[in-house]
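Comments concern the structure below.
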Amino acid sequence: MLAMAAVLAIGGCARTPQPPFDDSQKLVRATLKILTDDGNTICVDNRTNGKPLAIFATMSVAPPPSRRPLAWHVVTPLRSNAALTARQIYQDTIVDKPAHIPDPVNATPALGFLDQQRLNSAAMVLSRTGQSKTVDLGGGFGVPRVDARWWPLVRLSQKCYLKYVISDPVWSDTMGYVTINIEHWGTTYAFQRRNNDWVAVAQWSNWLF
């Protein structure tokens, strides 16, 4: 029991990274600021996980009808007003009574044609050649309203109804991308390097997975 308590303490109380931050840390910190921009508290795994442009690369080569609605939009925090309960998951998987998850939509305007082409081209290149790195979010980089914990503790936490997962960031000299998952919804944010930091410039179409 003492050993387990020690593991939980270590997982839930990782040391807050201190500046100067590297590019991967700056991208994750910028993402946390987006997700809390409207004043909401978020619960998030304290380590990034997953390839940031895997969904983008797959959907970008899908048949034309699937690609047509995809676009880069003005940035807004990813939110979901619904998550599957344990009972719904049981009904869906055991009782064969399908659970319904609403399709996510983007409430903000789409960017112009030239911006779409620039962001798509950079994302496609970075999905193949970009440098990526796992980032520890201990303390949430000091960003207010971020509760970053070891993933089992996040799942058990009653502080937030919805749990976020941030992908490993990917970047080049000028562009960076980070993907966010929340329950069964996802989105990707695009960042541009500015004044030795990263600024969010676009958000890709939200998707259901």
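The values are calculated or read from the model by the stated rules, or taken from the named source; none is laboratory data. Here the structure is a predicted model, which means the values were calculated and not measured. Using ideal geometry, Cβ is built from the backbone for each residue, glycine included, and neighbour counts are taken over all protein chains shown. What goes into the accessible areas is simple: the full protein's heavy atoms, side chains included, and nothing from ligands, DNA or RNA. Shrake-Rupley method; radii C 1.70, N 1.55, O 1.52, S 1.80 Å.
Please determine whether any residue of the range 150-160 is among the basic types (K, R), more than 16 Å from Q203 (Cα to Cα), open to solvent by 10 Å² or more (accessible area, probe 1.4 Å) and under 16 Å from the mean Cα position of the chain (by Cα). The answer is no, given that none of the residues of the range 150-160 is among the basic types (K, R), more than 16 Å from Q203 (Cα to Cα), open to solvent by 10 Å² or more (accessible area, probe 1.4 Å) and under 16 Å from the mean Cα position of the chain (by Cα).
Look at the range 46-70: where a residue is among the aliphatic types (A, V, I, L, M) and a partner is part of a loop (DSSP other than H, G, I, E, B), sitting 6+ places away or on another chain with Cβ atoms under 6 Å, you get L70/S205. Answer yes or no: is there a residue in the range 147-162 that is of a type in the set (V, I, T), at pLDDT below 95 and assigned to a strand (DSSP E or B). No, that holds for no residue. A residue that is open to solvent by 70 Å² or more (accessible area, probe 1.4 Å), modelled with pLDDT under 80, more than 18 Å from I182 (Cβ to Cβ) and in contact with a strand residue (DSSP E or B) (Cβ under 9 Å, 6 or more places away or on another chain) occurs nowhere in the range 17-33. In the range 172-190, the residues that are open to solvent by 40 Å² or more (accessible area, probe 1.4 Å) form Cβ pairs under 8 Å with partners that are of a type in the set (S, T, N, Q), at six or more places apart or across chains, as follows: T174/Q192; N181/S167; E183/S80; H184/S80.
Residues in the range 47-87 that are open to solvent by 70 Å² or more (accessible area, probe 1.4 Å) and among the polar types (S, T, N, Q) were compared, and the one that is modelled with the highest pLDDT is N49. Within the range 113-130, not a single residue is farther than 20 Å from S60 by Cβ and open to solvent by 40 Å² or more (accessible area, probe 1.4 Å).
Each residue in the range 171-191 was checked for being assigned to a strand (DSSP E or B) and either among the aromatic types (F, W, Y) or farther than 15 Å from Q117 by Cα (or both), and 14 pass.
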